[in-house]
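For reference, the structure discussed in these notes is given below.
The values are calculated or read from the model by the stated rules, or taken from the named source; none is laboratory data. Quantities reported herein were computed from a predicted structural model and do not represent experimental measurements. In this analysis, Cβ positions are derived from the backbone assuming ideal geometry, glycine residues included, and neighbour counts consider all displayed protein chains.
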Amino acid sequence: MSAREPWRAAGALGIAALLVLCVLPVVVLLPAAISDPAALAALSARRLGLLATSVRLATIVFVADTLVAALAVLWAQSARPRRALLVVAIALAAAFVPPVAHAAAWAAVGEGLRVALGLSVTPLAGLPAAALAQSTAFLPLAIAVGLAGAAAVDPTLLDAARVQRADGAALRRVLLPLALPALLAGGAIAALLSLGDEAVPSAFGVSTFAMELFSSYAADGRAGATLALAWPLALVATLVALACAVPLSRVSDHAPRGRRAWSAPPVFGTWTRVALSSGAALAATGSAAVFAALVVGAWPPAAAVRAVADAGPDIAVSCAVAAASAVVACVVGLLAGSPRGPASGPSRWVWGIALLAAVVPAPVVGAGLVALYDNAWTASVYDSPAMLALAALARFAPLAAIAVSVSASHLGRGALEASVVSSPPAHAYRRVVAPQLLASAAAGGLLVAAFSAGELGATLMVLPPGTSTAVVRAFNLLHYGASEEVAAIALAVAAIGVAAALASWALGRRMWAR
């Protein structure tokens, strides 16, 4: 163990766990994919059209979420604290509603508009409806990333600008350019999630490349061919991921300031106030509309209670998978994202594994897990709900490691060096390093739990016989037109997620107060 990197063993253990969880399911498919040149070259005109549809959909989501998130974040920085907290909380609450439930909610809104306006067909259908549902589903993440970027802006820069210019000019020339990398990264992450989502577009009759991968594997069961077919979508996803990697790295280089960017309430012109308020209103209204549509769809309460009771075992499985994934991701992230030493920077391994997990389509992950665990040695794992947790971890475990890695880059170097000098490295890690990173690891674990509860693409491929999840049940019911049951299940899952987030927040505040 190097004297300059006394905690290298902890990081190596975490990186090894991430490689097994996230990389091994893809690597195991490479021999079969390379030996199948026909699949590698099977990019027909139809599949090119599906890829173009996926790119168009992701582009719409990127533009919509980036614009709305930018306006909402800038408004939150200038509004009264309590009002900003309320609006942001409403907007972020939609993160706990699975994407397939967003599709059900907007389908119900479209049907209501059809009836109210006396139309023959619903006005919310096809690609525009899919883009709307995906935009509201992924907007909370774009807002969260944007808030992190705005929180890293030094208020003294705005104070200096306000001495010479009006507040509107300071907003346009200082705050917006400094927060823009995070805002663009948030929109790019939303586009990345859109590229890999097949559930929401299929609910509106839109065929995408991700659904083609799932259908191809379901038709012939060739896991290697699934990876070979995925290269066009993976290439586009890689370009998007690389585009947001630089802005994210810039955001991670700056520690949050702990207070808002404006040291005093700003005064804007009429059009600036209208623009910022409209963005905040769109973010909150979109989330509120989704919840309202689900409540109306689940009405009356007696029917909703029956639907939730019938789906009780599936909801329990989803909660267990989300909790198990969160705990494992928290532990692995704490190890992988920890600094190797007092002077070490963020681990490139963590960011590299996160990039791979982001660009590999969910059906490929599912096929890789099937190929990896469908054998006599791991039959007990393959036939158990553990496969669902493995699927979630393969896709989202790096999120916790990134949260820890970003937090670790802001630890005080002097305190870390003093801890190593005054005590053994293992003792310094347990008493000094790990406690400072627990909050980031817990936040990353909560994010993994939220994504795991709504994971569908890989889950459909590894689902053991006789087992289902709340999202799989909702996805199947949605295609059979049982929107009332879908709404009730979605509300139950969202309520559990919000309750878990509030409990984690309260526990974190209590621990921090100590």
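Just to be sure before I move on: is residue 446 assigned to a helix (DSSP H, G or I), at pLDDT 85 or above and under 16 Å from the mean Cα position of the chain (by Cα) in the structure I sent?
Yes: the conditions hold for residue 446.
Okay, residues lined up against (1) modelled with pLDDT of 70 or more; (2) under 29 Å from residue 159 (Cα atoms); (3) of a type outside the set (Val, Ile, Thr):
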position	(1), (2), (3)
237	yes, no, yes
245	yes, no, yes
252	no, yes, yes
255	no, yes, yes
264	yes, yes, yes
269	yes, yes, yes
274	yes, yes, no
279	yes, yes, yes
288	yes, no, yes
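Have a look at 370, 317, 381, 327 and point out the one that is more than 24 Å from residue 495 (Cα to Cα) and either in contact (Cβ under 8 Å) with a residue 24 or more places away in the chain or buried (at least 22 other Cβ atoms within 10 Å of the Cβ) (or both).
On inspection, the qualifying residue turns out to be 370.
Inside segment 114-135, can you point out the residues that are among the hydrophobic types (A, V, I, L, M, F, W, C) and at pLDDT below 90?
Answer for segment 114-135, where residues must be among the hydrophobic types (A, V, I, L, M, F, W, C) and at pLDDT below 90: 115, 116, 117, 119, 121, 124, 125.
Test residue 195 against the criterion of being farther than 19 Å from residue 53 by Cβ and of a type outside the set (D, E, K, R), and give yes or no.
Judged against the criteria, residue 195 is not a match.
Of all residues being under 21 Å from residue 67 (Cα atoms) and not small (Gly, Ala, Ser) in segment 162-177, which is surrounded by the fewest Cβ atoms within 10 Å (Cβ to Cβ)? Just the residue, please.
Among those residues, the one meeting the criterion is 177.
Taking the stated definitions as given, is residue 53 over 30 Å from residue 171 (Cβ atoms) and modelled with pLDDT of 90 or more?
It is true that residue 53 is over 30 Å from residue 171 (Cβ atoms) and modelled with pLDDT of 90 or more.
It is to be established whether one or more residues within segment 68-75 are part of a helix (DSSP H, G or I), in the same structural domain as residue 198 (by TED's automatic domain parsing) and over 25 Å from residue 292 (Cα atoms).
Within segment 68-75 (the criterion being part of a helix (DSSP H, G or I), in the same structural domain as residue 198 (by TED's automatic domain parsing) and over 25 Å from residue 292 (Cα atoms)), the answer is yes, since at least one residue qualifies.
Out of all the residues in segment 452-476, which are surrounded by fewer than 21 Cβ atoms within 10 Å (Cβ to Cβ) and in a helix (DSSP H, G or I)?
Selection gives 476 alone.
Name, by its number, the condition in (1) crowded, with 21+ Cβ neighbours inside 10 Å; (2) under 24 Å from residue 399 (Cα atoms); (3) at pLDDT below 90 that does not hold for residue 148.
Checking residue 148 against (1) crowded, with 21+ Cβ neighbours inside 10 Å; (2) under 24 Å from residue 399 (Cα atoms); (3) at pLDDT below 90, the one that fails is (1).
Looking at segment 424-437, can you tell me whether even one residue there is in contact with a helix residue (DSSP H, G or I) (Cβ under 7 Å, 6 or more places away or on another chain), modelled with pLDDT of 80 or more and on the phi < 0 side of the Ramachandran plot?
Yes.
Limited to segment 189-224, what total is found for residues that are without any contact (Cβ under 8 Å) to a residue 12 or more places away in the chain, among the hydroxyl-bearing types (Ser, Thr, Tyr) and outside any helix (DSSP H, G or I)?
Qualifying residue count, segment 189-224: 0.
Given (1) assigned to a helix (DSSP H, G or I); (2) in contact (Cβ under 8 Å) with a residue 60 or more places away in the chain; (3) buried (at least 19 other Cβ atoms within 10 Å of the Cβ), where does residue 153 come up short, assuming only one miss?
(1)
Looking at 158, 127, 132, 119, can you tell me which residue is over 22 Å from residue 288 (Cβ atoms), surrounded by 22 or more Cβ atoms within 10 Å (Cβ to Cβ) and touching a Leu at 6+ places or on another chain (Cβ under 8 Å)?
Answer to the check: 158.
Among 182, 203, 210, 191, which is hydrophobic (A, V, I, L, M, F, W, C), in contact with a Gly (Cβ under 8 Å, 6 or more places away or on another chain) and closer than 29 Å to residue 45 by Cα?
Step by step, each of 182, 203, 210, 191 is checked, and only 210 is hydrophobic (A, V, I, L, M, F, W, C), in contact with a Gly (Cβ under 8 Å, 6 or more places away or on another chain) and closer than 29 Å to residue 45 by Cα.
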